[in-house]
Structure formats: C-alpha cells, structure tokens
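Okay, structure first, notes after.
All of the numbers you see were taken from the coordinates with simple rules; none came from a lab. Just so it is clear, the model here is predicted, and its values are computed rather than measured. Reconstructed Cβ throughout: ideal geometry from the backbone, glycine too, with neighbour counts over all protein chains shown.
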Amino acid sequence: MSEINLERRIKRQAWVPEHRFFAVTTPGLEPLCAAELRALGAGEVLPEAGGVNFSAKLELAVAANLWLRTAGRVWLRLKDFRVRRWEDLLRQADSIPWEIFIAPDVPLNILVALNESNLKHTGRIAEVVGKAAAKRMREVGLTPPVPAQPGDESAQRLQVRGADRRASISLDMSGAHLHKRGWRAQGGLAPLREDLAAALLQHCGYDGTQPLLDPMCGSGTLVIEAAAMARGLPPGLGRAFAFESWPCHREAAWNYMKRQAQEQALAAPPATIMGRDSNREAVELARHNAELARVEQGVGLEAKDFFKAEPPAGPGLLVINPPYGKRLGSVRQAQSLVKRLGKRLAQAYAGWRCGVVLYRPEWADLLSLTDTKAVTAPFGGLKVTLLSGTVPPK
C-alpha cells in the first residue's frame with residue numbers, strides 16, 4: 001500500500017469519524033470520571049459498572065488519555081456487534097482496518113472476557129481475531145502482528161468481550177495504567193494510588209483556589225496530585241502511551257497538544273499547598289517525588305506532628321490518608337487513630353473542609369464532620385471510603 005493511500009484511509013477512517021470509547025475506572029469512581037469526560041467535551045457519556053462509555057473523535061480521546069485523573073485505561077471500540085452465530089465474529093474481525101491502528105510486526109496481546117456469551121472458547125476466539133489482523137496486514141503489504149510473549153508489558157493490548165448476545169473488539173490506547181503518571185521513584189509504605197488521590201480531591205471539590213494541607217503526607221501523592229490540579233497540569237504529561245505507536249498517530253499534533261498544555265499551566269499553585277509528616281524520611285521522599293513530578297514550585301513540605309503543630313492559615317482543605325492495616329499494626333489501633341483525628345480536627349481545624357481515606361466506613365462518625373459525602377472504592381485488597389465533610393465551627 002502506498003503512503004498516500006494509507007494517509008487517505010487514516011484520515012477517512014481514524015480522524016474524521018466519531019468513535020466509541022470506554023474509560024476504565026476503579027469501581028465507585030465512575031461519576032467522577034464521567035464529569036471529567038464531559039468537561040473535555042466528550043459526547044454520550046454513559047457511566048456503568050467499572051467505567052464510562054463515551055463518543056468522541058480520536059483527537060479528543062488522545063486528550064482524554066493525557067488529562068483524565070480518575071481513569072485507569074481508555075479502550076477504542078473497533079467493533080460492537082450482535083452475536084447470533086460464530087460467523088458473526090469472523091465477519092466483524094475481517095472488516096476491521098487493522099493497518100490503521102496496529103503497527104507492523106508489533107507484539108499483540110489478545111485478551112478475551114466472556115459473560116454468558118453466545119461466543120465460546122476464549123483461546124479459539126483470540127486465535128481467530130489474531131488471524132484476521134494478520135490476514136488484513138498481509139493483504140495491504142505490511143508485516144503482520146506477532147503473538148505477544150507472556151508478561152510482555154510493551155505489547156499492544158486487544159480485548160474481545162462477549163456478554164449475552166453482544167460482543168465488542170477494543171484496542172487499548174493507554175498502555176501502562178493511567179495512574180502511573182511517570183514520576184514515582186519510591187512510594188513509601190502502601191502509598192495511595194494516584195487515581196484515588198485525585199478522586200479524593202475531586203470528591204472534596206478542590207479547585208486549587210483554597211489552601212490545602214496533608215498532615216500525614218507520606219511519599220507525597222496527595223500534595224503532588226493537588227499541585228498538578230491547581231496549576232492545570234495534565235497528569236499524563238510525563239509518560240508514554242500505546243497510541244503513540246499506531247500508524248494513525250499524528251506526532252506533530254500530539255506534541256502541540258502537550259506543548260499547549262504546558263504553556264497554559266500556571267507557574268505555581270494560586271493558594272498554599274503544604275504536606276507535613278512526623279517522619280523526616282517520608283518528608284524527604286515526598287520532596288524528591290515532587291521534584292520528579294516537576295511540581296515542587298509552591299509546595300511546602302515539612303516534618304511536623306499533626307497532633308502538635310499549629311494549623312497553617314485557613315480555613316482550607318485538609319486531606320488525610322491515615323495509616324491503617326499493616327502500616328499501623330491492627331484494626332483497633334487504626335480506629336484509635338481516627339478517634340484522635342476527630343478530636344484534633346474539632347480542637348484546631350474548625351471550619352476546614354476535610355477529605356479522609358477511611359479503612360472502615362462506620363468510623364466516619366468518629367470524625368464528627370458535617371455535610372458529609374462518601375465514595376467507596378477498592379484499594380490494596382480492601383474497600384476504603386473516601387469521605388468528605390466540614391469540621392463544625394466552635
């Protein structure tokens with residue numbers, strides 16, 4: 001196939017039409033991710049269990065990978081079809097313009113998930129779809145994809161899902177999970193994942209205009225996410241994505257999108273962002289991570305004990321991921337710590353907005369907050385509660 005013909009086909013089938021996409025989220029974060037997608041301009045935004053369906057042109061989906069803070073992965077729906085018989089899968093797989101989205105000779109990892117589907121035999125499904133891609137690539141004079149070796153994280157992911165009488169074939173745009181922002185060197189003990197940190201901040205209504213304090217900052221995830229949000233920096237600016245290897249990828253447009261985001265970002269947060277921890281080594285690690293994330297400008301980090309130190313100027317937003325589970329020793333110790341948190345909040349932080357990661361949802365009452373809202377999400381083999389509320393005035 002000539003380069004001119006391929007370019008025309010790419011424009012006609014990749015960049016001009018609208019496509020369907022699915023943004024995967026941690027269960028519980030779907031409404032937050034849906035709000036992010038609407039703000040980006042996505043259409044037909046439909047949250048469902050485990051993610052958000054949306055429609056957009058490819059350029060907006062590229063921007064979604066760059067900007068989404070609460071998503072884990074974005075899939076491009078290549079086909080979504082009704083399944084009556086086995087031949088329906090064959091026909092749909094053969095009709096995909098694989099040469100537009102799959103780079104020649106790329107390792108291809110085909111994942112199959114079935115739920116009471118008319119389709120059967122996951123291995124055979126993966127084989128049929130892989131052969132369809134290889135056949136199409138050969139027909140247009142390109143080297144076909146090769147099956148990925150087990151554990152090859154660089155492989156292009158393709159997913160076939162079947163449920164009841166419908167099936168879909170989707171291509172992963174993201175590559176590594178989107179919570180991997182590209183800056184973390186070390187995480188300390190059980191660091192809060194970046195998408196959950198962003199979810200807590202969004203859940204609390206944080207927009208960067210009010211002072212923020214994380215008094216148990218650990219390796220700094222919450223303050224780093226807050227600084228990026230406050231400055232308007234996209235979370236994906238320092239990492240690579242799977243779509244960058246697609247034949248239809250527009251490198252110049254992608255570089256312009258990233259450059260424009262950097263130029264429009266603020267040089268420093270408009271309000272104070274401070275992280276404290278009683279452990280000096282944790283503070284130094286947080287400072288190092290903030291430098292790696294390039295958000296150290298305007299972020300204060302200091303070794304201070306929450307239960308003794310005076311609060312900074314406020315009121316503002318207090319975000320806390322207190323130790324629990326293995327980090328603390330026992331459930332009883334974790335509960336005792338939450339009780340102490342509640343007393344300290346009432347004593348020194350009247351009028352502050354507060355966001356807390358709770359190990360047990362029933363412990364929310366120990367904090368005595370008003371106007372509370374809660375989101376439950378899995379994390380580290382547990383279900384944690386992201387609680388937001390206000391410390392009552394004295």
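Annotations for the structure displayed:
- Kirkwood-based shape ratio for the range 73-205, expressed as Rg/Rh from alpha carbons: 1.07
- Nearby lysines by direct alpha-carbon distance to residue 343 (threshold 16 angstrom, same-chain neighbours under 8 apart not counted): 308, 394
- Cα-centred dipole magnitude for the chain, charges only on beta-carbon of K, R (+1) and D, E (-1), debye, nearest 20: 640
- Summing Lys and Arg as +1 and Asp and Glu as -1 over all other residues whose Cβ lies under 12 Å from the Cβ of residue 85 gives a net charge of +3.
- Dipole orientation for the range 159-228: of the candidates 224, 212, 171, 171 has the Cα lying most toward the positive pole (charges on Cβ; Lys, Arg +1; Asp, Glu -1).
- For residue 55 and residue 267, the FRET efficiency from 1/(1 + (r/R0)^6), where r spans their Cβ atoms and R0 equals 25 Å, is about 0.10.
- Column: log10 I(q)/I(0), Debye, Cα scatterers of the chain, q = 0.07, 0.13 Å⁻¹: -0.38, -1.06
- Point-to-point label distance, residue 253-residue 121, nm (Cα→Cβ direction, 7 Å offset): 4.1
- Candidate lysines - alpha carbon under 19 Å from residue 57, same-chain residues fewer than 8 apart omitted: 11, 79, 258
- The range 107-175: trypsin sites (Lys or Arg not before Pro) in DSSP loop, at most 11 other beta carbons within 10 Å: 120
- Using alpha carbons only: equivalent-ellipsoid semi-axes of the range 3-172, gyration tensor based, whole Å: 25, 21, 15
- Counting only the Cα atoms, the range 274-394 fills a convex hull of 120 Å³ per residue.
- Using θ = phi - 60° in the Karplus curve 6.51 cos²θ - 1.76 cosθ + 1.60, the 3J(HN,Hα) couplings for the range 388-393 round to 10, x, 10, 6, x, x Hz; x is entered for Gly and Pro.
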